[in-house]
Protein chains: 2
Amino acid sequence: MPRQLYELAGEDPARRFSPYCWRIRMALAHKGLEAEVIPWRFTETDRLAFAGTDKVPVLVDGERTLHDSTVIAEYLDQEYPKAPTLFRGDPAARAFTLAWTNAVLHPALVRLIVADIPALLDPHARSYFIKNREARFGMTLAQVAAGRDEQLPQFRALLAPLRHVVAASNYLGGTTPDYADYAVFGAFQWARCVSPFKLLEESDPVFAWRGRMLDLFGGLARNVPAFD
Amino acid sequence: MPRQLYELAGEDPARRFSPYCWRIRMALAHKGLEAEVIPWRFTETDRLAFAGTDKVPVLVDGERTLHDSTVIAEYLDQEYPKAPTLFRGDPAARAFTLAWTNAVLHPALVRLIVADIPALLDPHARSYFIKNREARFGMTLAQVAAGRDEQLPQFRALLAPLRHVVAASNYLGGTTPDYADYAVFGAFQWARCVSPFKLLEESDPVFAWRGRMLDLFGGLARNVPAFD
């Protein structure tokens, strides 16, 4: 069986928009590994039962089935040690950047783009998504969206650590990208796949870094249905 | 000439409170290197002229004179490669944590503790410091301090990435500390050396990590004049 990666998709199966799935799509390309990328929708929990989870990404690699993006990325380095390394040096060296991405970047970003997601979903997934997210935010998605112009300066300000590093070197990994880049980029790729909302000024070093990430692997992330 | 490290001091020469100087004090201990630690006050710019800077830390190591904490730390790894490494793997792997410390942690922390600093300074340094910092904040230090109880929850929230990592591993460096730990710890050591303001709940994993940092090298950072 070919290697398989289950990814979150919209009604259009080509619309892949999970930040965590993008981490692994990029990580596989980094390692030079092929995979069949299988679309999965929010409501299809039964289809992941074989993997013991209800969330993507799920990777099936020969006899191994794995879930959780960080677990998968660490597995790829262990299983394919001769391919380019994702976690250079100590994995702990990347833990802080991943924690920042999950605890700071995602919660700030989701408020700016979440209201644009329902339009991309099939009716069944859409009604699940709206109900679930409105409960999470304690307000309607229209109300979440109403605050986003006002929140944008604060969002851009919290990118300061990222901006500082990518203004001084091409990638978070230094001269070449590594898993820290893929983790942070996953968030920006999520955004551009679901929302036309303009997150970054073109003069921002983060915008230039994002462009470098979009160019990697023959434009792997650039050449998908997206809003820019 | 013995190795010399110029550090920011209060009126009491034992009161060393620069976060950047603490990075290097810890880094030297990590490398197993001795140094004479020389007190320097804000107003003594002439005394650093030999080093081509007006800021500490300054390290004099044989014929080399260096300033800027990151430059010094990278020098220590290059010059003493057989001693334990400060930047394990690629230095870029630590760049993000350092950028976060400088761009997020320090600006949030300074507002909580700055008003307590003048009391520790000699009269000359005190009047320089108050004038300089009040201009920087655009308000009196008393006004800065008045907001700190209200800002504390936000300060604790922004520690989320740090909290996440040190809840899962002993140090940012993994099982043993490295320069990322010293950089972040420098901020907390700065705080405890100048202010009685309680930054952390004792149940916070960050508090436990700070305790581990204070225990390193025979209590090097713990056993100095401080408020806890």
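Ranked for footprinting exposure by Cβ neighbours inside 10 Å, fewest first, A:28, B:109 give B:109, A:28.
Relative to the other identical copies, residue B:12 shows label-point distances of 6.7 nm, where the label point lies 7 Å from Cα along the Cβ direction and values run shortest first. In terms of Cα atoms, the Rg and Dmax of segment A:125-182 work out to 17.1, 44 Å. With N counted as the residues of segment A:1-157, its alpha-carbon radius of gyration over 2.2 N^0.38 Å works out to 1.14. Its relative contact order, with pairs defined as Cα atoms under 8 Å and 6+ residues apart, puts segment B:54-130 at 12 percent. Each Cα pair of segment A:4-79 feeds into the Kirkwood radius, which the Stokes-Einstein equation turns, at 10 °C and 1.306 mPa s, into a diffusion coefficient of 129 µm²/s.
For segment B:92-219, the relative contact order works out to 31 percent when only alpha carbon pairs closer than 8 Å and six or more residues apart are counted.
The Cβ shell under 13 Å around residue B:29 holds other residues with a net charge of +1, Lys and Arg each +1, Asp and Glu each -1. Scattering from segment A:92-219 was approximated by placing one identical point on each alpha carbon and applying the Debye formula without solvent; log10 I(q)/I(0) at 0.11 1/Å stands at -0.42. Derived value for the protein assembly as shown: Kirkwood hydrodynamic radius 24.1 Å. Basis is the mean of 1/r over every pair of different alpha-carbon atoms. A cut-off under 13 angstrom between Cβ atoms defines the neighbours of residue B:200, and their net charge, with Lys, Arg +1 and Asp, Glu -1, is +1.
Shown for residue A:132: label points 7 Å from Cα along the beta-carbon vector, and their distances to the equivalent points in the other copies, 5.3 nm in ascending order. Rounded to the nearest whole angstrom, the semi-axes of the ellipsoid equivalent to segment A:35-120, taken from the Cα gyration tensor as √(5λ), stand at 25, 22, 10, largest first. Here the relative contact order of segment A:1-101, from alpha carbon pairs under 8 Å that lie six or more residues apart, stands at 29 percent. A crude spin-label estimate for the pair residue B:74 and residue A:151, with each label 7 Å from Cα along the Cβ direction, gives 3.7 nm.
Placing dummy labels 7 Å off each Cα toward the beta-carbon, the span from residue B:14 to residue A:228 is 5.6 nm. Using the Cβ-Cβ distance between residue A:34 and residue B:45 with R0 = 56 Å, the FRET efficiency computed as 1/(1 + (r/R0)^6) comes to roughly 0.35. Sorted from shortest to longest, the distances between the residue A:32 label points of this copy and the other copies are 3.9 nm, with each point 7 Å from Cα along the line through the beta carbon. Based on the alpha-carbon gyration tensor of segment B:163-228 and its eigenvalue square roots a ≥ b ≥ c, which shape applies: rounded if a/c is under 1.5, prolate if not and a/b is larger than b/c, or oblate? Note, shape of segment B:163-228 comes out oblate. The longest stretch of chain A left intact once loop-based trypsin sites (Lys or Arg not before Pro) with at most 14 other Cβ atoms within 10 Å are removed from consideration, loops following DSSP, is A:83-197.
FYI, it's all coordinate maths here, none of it is from the lab. The structure displayed is predicted, hence computed values, not measured ones. Note: ideal-geometry Cβ built from the backbone for every residue, glycine included; neighbour counts use all protein chains shown.
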